[in-house]
1. 222 nm [θ] for the chain, helices only, -39500 (n - 2.57) per DSSP H run of 4+, per residue, to 500?
2. If each of Lys195 and His38 carries a label point 7 Å out from its Cα toward its Cβ, how far apart are those two points in nm?
3. Using a 1.4 Å probe and counting only protein heavy atoms, arrange Arg386, Arg67 so the residue with the most accessible area comes first.
4. Would you mind counting up the charge near Arg120? Only other residues with Cβ under 10 Å from its Cβ, with Lys and Arg at +1 and Asp and Glu at -1.
5. Of all accessible surface on region 3-461 at a 1.4 Å probe, what whole percent is carbon and sulfur?
6. For the chain, with only Lys/Arg (+1) and Asp/Glu (-1) charged at the beta-carbon, what is the dipole magnitude about the Cα centre, in debye rounded to 20?
7. Given the options Asn155, Ser199, Ile96, identify the residue whose Cα lies farthest towards the positive end of the charge dipole of the chain (+1 on Cβ of Lys, Arg; -1 on Cβ of Asp, Glu).
8. Please sort by residue number the GluC sites (Glu not before Pro) in region 151-213 whose DSSP state is loop and whose Cβ has at most 15 other Cβ atoms within 10 Å.
Amino acid sequence: MGEHIAIWRNHQSYGPVIRHGPNRLVFNTIEALQDIYHNERASKASLYLNIMQAPNVHSVFTVIDKRQHRVKRRLIGQALNERGMRLFEPIILQQIDIFIQQLSQPSAGSKPINMSPMLRYLTLDIVCLLSFGFPLRTQEKDEYRFVSEGIVAGNYFQNMKLQCPLLTQLRITEALQFVGNIREKREPYRAVVKKLIGSRMAENKDAKLDLYSMVADQINTGGPENIQTSELWAEAIFIFAAGGDTTSSLIAALLFYLSRNSHCYNKLAHEIRTSFNSSDEIRSGQKLANCQYLRACIDEALRMSPAAPGTPWREQLDTDDVPFVVNGHVIPRGTIVGVNVYSILHNEKYFPEPFVYKPERWLSEGFEGKLKIMHDAFIPFSAGSRICAGKAMAYLEASVTISKTLWHFDFDKAPGNLGDLGAGSRKATYGRHREGEFQVYDVISSTHDGPNLIFHPRVHLLWERVV
Ligand code: HEM
């Protein structure tokens with residue numbers, strides 16, 4: 001069924017605080033967000049130590065110690081913050097143009113295209129260029145497409161370890177790697193990442209503009225910002241997963257909702273097609289920032305089908321001896337707490353008509369007086385000091401990809417059953433029964449399939465250069 005659906009159902013039955021496992025409490029209120037994520041006395045739960053890539057080898061995602069986290073976050077953040085994005089934008093734009101070019105090919109015959117694999121290839125190619133300047137070219141060739149499958153398998157495996165830490169302690173998860181060919185899919189991908197690191201380290205640090213060039217001076221220095229080669233590997237495995245299957249989920253969801261909500265589609269197409277004069281103009285800057293309906297459509301897709309729908313777990317610091325209180329409840333030591341992202345984003349106290357795709361809510365139209373409370377509860381990227389470091393990159397990739405797609409094409413959902421891919425179904429379990437909702441599957445990030453779409457090139461633009 002999916003953990004986020006189970007938690008949402010439990011909140012429906014039992015209210016805003018539920019027990020989810022022997023030592024896990026999940027909350028569904030803005031007050032709890034404040035008490036858990038904006039609290040210096042709470043830290044990332046030690047549960048995440050179960051998903052380290054090797055003993056004592058932390059990534060920015062698994063590290064618990066606050067000081068060590070700040071160091072890692074500063075290093076990684078250089079590539080992912082607004083400034084990093086400005087430097088890196090030409091590479092992102094080039095990959096999105098390849099995506100548009102790929103769409104142009106099958107669309108000549110108006111064949112349905114499953115957007116999930118295409119978007120996974122796009123976001124994976126971008127994240128690999130960002131990390132090591134290496135062109136995987138999964139958008140154009142088969143050779144490295146197994147990396148994308150390896151990431152999905154790896155996410156399943158890591159999620160299993162987070163859900164059932166006992167399996168890890170009993171070393172049962174290692175045996176479970178043989179179920180569903182997880183090991184077979186995961187190992188070649190890990191080997192590629194190792195090889196990429198080796199080749200990149202053999203080059204001059206300034207040979208490429210990538211994350212490696214930004215952290216190279218700190219590798220194995222032994223100084224306060226030291227990063228070991230083994231940590232570089234853990235960071236890379238995490239960044240590939242974080243960047244490779246989250247933004248793809250967001251863009252797939254957005255295409256799904258646009259293909260089923262014609263008034264949103266028309267309004268957004270009009271905004272994009274009247275804001276720019278050519279495809280080349282679609283890039284970060286004032287014109288893109290002025291596309292308010294675009295941002296509202298993206299935020300509404302993130303709300304309806306969050307790309308990381310699970311629960312970011314936290315716990316009271318070991319060193320803290322004052323009672324840890326969340327939303328009026330004293331939390332026993334050893335209990336981990338969190339707010340489930342999917343549940344709060346569908347809490348009707350904060351988001352009226354929570355299962356209706358309504359970008360207008362973010363522009364306050366029809367939802368006057370609700371804007372502040374919606375923003376307070378809007379946590380698709382988590383909250384506090386561990387908030388997603390790739391948020392700027394996700395918005396940039398999603399904004400430009402959707403804008404360029406609408407610039408070059410019109411699109412529809414595929415006819416018949418094919419068009420249902422990715423949607424909920426009345427025959428499915430309760431919580432997955434809504435046909436208008438794009439389904440995500442919680443695996444720390446999320447996995448997804450569909451939508452199947454048919455693209456029609458906008459005829460008068462056929463002359464426009466794409467790449
Ligand atoms: C729609 C796209 C994305 C969503 C919804 C998303 C969501 C999240 C969430 C919920 C967390 C925090 C988990 C926690 O609090 O424990 C997180 C952390 C992180 N994300 Fe993302 N993410 C997205 C895209 C990206 C991208 C494109 C990158 C970079 C390539 C990235 C890099 C990171 C990093 C480095 C962290 C760890 C931050 C830290 O612990 O300091 N994310 N993301």
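1. Calculated from helices alone, the mean residue ellipticity at 222 nm is -15000 deg cm²/dmol.
2. So the two model labels end up 4.8 nm from each other.
3. On the way: Arg386 40, Arg67 135 Å².
Highest to lowest solvent-accessible surface, that is Arg67, Arg386.
4. Details: positive: Arg145; negative: Asp125, Glu149, Asp245.
Local charge sum for Arg120: -2.
5. On the way: 10130 of 19030 Å².
Answer for region 3-461: carbon and sulfur cover 53 percent of the accessible area.
6. That gives the chain a dipole magnitude of about 340 debye.
7. Value computed over the given set: Asn155.
8. Numbers: sites: Glu174, Glu184, Glu203; in loops: Glu203.
Loop-located and lightly packed - Glu203.
The values are calculated or read from the model by the stated rules, or taken from the named source; none is laboratory data. Since we're looking at a predicted model, the values are computed, not measured. Ideal geometry is used to build each Cβ from the backbone, glycine not excepted, and the neighbour counts take in all protein chains shown. All accessible areas refer to the heavy atoms of the entire protein, side chains included, with ligands and DNA or RNA removed. Shrake-Rupley method; radii C 1.70, N 1.55, O 1.52, S 1.80 Å.
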